[in-house]
Structure formats: C-alpha cells, structure tokens
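What follows is one structure encoded as structure tokens, with my remarks underneath.
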Amino acid sequence: MQDLIDTFREQRKASAGQPPPTLEEWRATFAPAGRLHPVPDDVLVTEVEAGGVPAHCLAAPGADAGRVLLFLHGGGFELGSLRSDGELAARLGRAGGMRVLLPEYRLAPEHPFPAAVDDVRAAWRWLRTDQGLSPSSIAVAGDSAGGGLAVALLVATRDAGEALPAAAVLMSPTVDLTSSGASMTERVDQDPFSTPAMLRQFAADYLAGADPKTPLASPLFASLTGLPPLLVQVGTADLLLSDSERLAAAAADAGVDVTLEIGEGLPHVYQILLGTPEAAEATERIGKFLRTRVH
C-alpha cells in the first residue's frame, strides 16, 4: 500500500505544473485510484432504466436475486461512472452475495444539486416499486461523494415517512460541503489524491449557490435519528477524515447503530485499491456486514 501511495504522490507532484485537463478530458480518464480496474469477466452487466435514470445491474455468480446493493459512485459529484467504480461495486456485491444496481446519476456542474439526490431517490423507488423489493432486502453503499449521496438518500427517505434500506456502507463519505473539518488542514501533507482547493471547487460546482449546510447537500447537518445501521470506513491520510469521524459521532448521538473503522495511513477510498491487503480486508468486513444486515 505504501508503495502505491508514494507513487500517487509523485504523480501529483509531476502534474503540478501542467495545465489542468478539461472536464471532458478528466471524465474520460478518471481513475480514482490512479488506475482503472475492469469489472470481472464473470460478472453479468445489464443496462437498465431505473426510474428514468440510466443504470447498470451487476450480478456475480451465485448472487441472491432477492437482495440488492444500491451502489453510488464517487467523483466529487462531477466525475465517475461504471467505468471508474464498477469493479469496486461488483466486488462488494460479490462479498455480500447480492446483486448491485449502479445508477449513472446526473453530474455537476451541468446538473447541480439536487439533481444527483433526485436521481438516487428515483433509483431507490424503482427498486421498491418496479422491482418489488422490500426495504429489508436492500442496502446502499457509496464512496466519497457517493457516500454523501447515500446518507442524503436515507435522510430524504426517512423524512418522506417511507421505510428505509436495511443498512448503509459509507467509504470516505463527503458529508460536509462547508469544508470545515479539521482534517482539511491537518491532513494536507498526508493525502496523496486531494487538495483543499479541489474539494472546495467540487463543492461550489455542485452547490451552484445553494447553502452548503443544506441537509441533503451536507447530511452532516441533517438529523440522523432513525437511520439504519451504518458501517463507515475511512483512512487517516484523507482530507475528509473529519467528515467520517463527525458523522459517526452524530449518528451515535442520535441512537443509530454505527461502526467507524479508521485505517492508519490509508488514503481516500482505499477500498478501491484492488490487490492490496487493506482493500481485501475492508471488502471482507463490508461483506460480513451486508450478509448480517440484509435479509
């Protein structure tokens, strides 16, 4: 893992003086862990329209058709897709023995808040109504911005008086678009991927003038009462470490069953680093959590 992190740091230094790519170029080449990992050949990928939202169903051999993981990709609300996150989504589905639905929610800045939240809610309703799945047979998972969208989905569903998913897995979730966490300054020299300026620009593009403390944009500022069991994983070499720490504390204070796992020296969304023991261990723990919680 440390060799990979050192490589990422060197790559960031080398690109520091280069002109930034256009958004189209960045989307076309976005690899959240520095390299892309394809969806394994034995995973069946099917394109669907989930409540009007383009999406992909992923099914590993032996996946229980009656249990589904709604996976929300990261990418700062501007990047990401099946291409960037499909391997991770498929791996978590396999670990949990579940099918996966990965919606291609609308991206900022063309589609600012609350477009992504609306699309995620539409995909959730599609699973419930069109697919006839019970809430207890569905979990939601998300990495980075997708983790924030996962919490927003839970909050919005609860506020609508509807039954909630059985559980949620949050990997380095983005839940505070005010960038007020202590780690935004304390971890600058440790984070090999992100800079405070980059995260603030993502937030500004997504919010498009909306109040950053709006609960569905920054669910750290929402009431968390009544949410389902949460598994939160984050590394200490992450500018967003404080998002996870404060979210877990607020959830616990609200009476939520929450487990916070902090990986010493691990970077943002370290679970995506296929081939590392740290990613394998995190995947195993997520799989056990899903198998225990989702029936």
Only residues that are open to solvent by less than 60 Å² (accessible area, probe 1.4 Å), in a strand (DSSP E or B) and either among the aliphatic types (A, V, I, L, M) or more than 19 Å from residue 148 (Cα to Cα) (or both): list them for the range 246-267, please.
258, 263, 265, 266
The residue that is nearest to residue 139 (Cα to Cα), considering only those in the range 285-295 that are outside any loop (DSSP other than H, G, I, E, B) and open to solvent by 10 Å² or more (accessible area, probe 1.4 Å), is 293
Residue count, the range 180-195, condition within 19 Å of the chain's Cα centre (by Cα), more than 21 Å from residue 282 (Cα to Cα) and open to solvent by 20 Å² or more (accessible area, probe 1.4 Å), comes to 1
Return only the number of the condition from (1) surrounded by fewer than 20 Cβ atoms within 10 Å (Cβ to Cβ); (2) over 28 Å from residue 195 (Cβ atoms) that residue 111 does not satisfy.
(2)
Tally of residues being open to solvent by 10 Å² or more (accessible area, probe 1.4 Å) and either modelled with pLDDT of 95 or more or within 16 Å of the chain's Cα centre (by Cα) (or both) across the range 63-74
4
Can we say residue 172 is open to solvent by 10 Å² or more (accessible area, probe 1.4 Å), closer than 16 Å to residue 234 by Cβ, within 14 Å of the chain's Cα centre (by Cα) and modelled with pLDDT of 95 or more?
no
If you take the residues of the range 41-56 that are buried (at least 16 other Cβ atoms within 10 Å of the Cβ) and hydrophobic (A, V, I, L, M, F, W, C), which of them is nearest to residue 107 (Cα to Cα)?
53
If only one of 282, 203 is closer than 24 Å to residue 69 by Cβ, open to solvent by less than 50 Å² (accessible area, probe 1.4 Å), modelled with pLDDT of 95 or more and among the small types (Gly, Ala, Ser), which one is it?
282
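The values are calculated or read from the model by the stated rules, or taken from the named source; none is laboratory data. No experiment lies behind these values; they were computed from the predicted model shown. Methodologically, a virtual Cβ is constructed for each residue, glycine included, from the backbone with ideal geometry; neighbour enumeration extends over all protein chains shown. Ligands, DNA and RNA are excluded from the accessible area calculation, which covers all protein heavy atoms including side chains. Shrake-Rupley method; radii C 1.70, N 1.55, O 1.52, S 1.80 Å.
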